[in-house]
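Peer 1: Here it is, the structure in full.
Computed from the coordinates by the stated procedures, all read-outs in this text should not be read as laboratory data. These numbers come from a predicted model, not from an experiment. FYI the Cβ positions are ideal-geometry reconstructions off the backbone, even for glycines, and counts take in every protein chain you see.
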Amino acid sequence: MATQNFYFYVLLCADNTLYAGYTVDLQARVAKHNAGLGAKYTKITTRRPVQLIHAEQYTTKSLAMQQEYAFKQLTRREKEQYLQTHPSILKDYS
């Protein structure tokens, strides 16, 4: 049985805001956000299109959700610092 991977991800919205979430399929989730079918936050047309700028892989849904929650507690400046100092799997993800 294959192991399920879970991802914590960060989007850069068209209005220069950041959105964080978790998913099992990065490409499908970003496509849903851009189609206006994702979270309420990204349904607002001025926030689209969104761009995937950061992703981290976790072995459990709980860990991905915990990272999402922790990230959302940060200030914008702290979020930007986090993104600069924490490795993203995006360079390895295709």
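Peer 1: Could you check which residue among Glu80, Glu56, Glu68 shows the biggest mean-square fluctuation in a GNM of the chain with a 10 Å Cα cutoff?
Peer 2: Of Glu80, Glu56, Glu68, the most mobile in the Gaussian network model is Glu80.
Peer 1: With charges only on Cβ, +1 for K and R and -1 for D and E, what is the dipole size of segment 6-92 about its Cα centre, in debye, rounded to 20? Working shown, then result.
Peer 2: Numbers: 12 positive and 7 negative charges, 67 e Å.
Using only the charged Cβ atoms, the result is roughly 320 debye.
Peer 1: Relative to the present Cα-Cα distance, how much length would full extension add between Ala28 and His86 at 0.36 nm per residue of separation?
Peer 2: Going from the current span to full extension adds 18.5 nm.
Peer 1: Next up: For the chain, what does -39500 (n - 2.57) per DSSP helix run (n ≥ 4), summed and divided by total residues, give at 222 nm, in deg cm²/dmol to the nearest 500?
Peer 2: Details: 4 runs with 35 residues, N = 94.
Dividing the helical sum by the residues of the chain leaves -10500 deg cm²/dmol.
Peer 1: How big is the Cα convex hull of segment 6-92 in projection, averaged over all directions, in nm²?
Peer 2: Taking the Cα atoms of segment 6-92, their convex hull projects to 5.3 nm² on average.
Peer 1: Cut-off 10 angstrom, C-alpha nodes, Gaussian network model of the chain. Which of Ala28, Ala64, Ala55 fluctuates the most?
Peer 2: With Cα springs under 10 Å in the chain, the top fluctuation among Ala28, Ala64, Ala55 is at Ala28.
Peer 1: If you plug each phi of segment 45-57 into the Karplus form 6.51 cos²θ - 1.76 cosθ + 1.60 with θ = phi - 60°, what whole-Hz ³J(HN,Hα) values come out, in order, with x for Gly and Pro?
Peer 2: 4, 6, 8, 10, x, 9, 10, 6, 10, 7, 8, 10, 9
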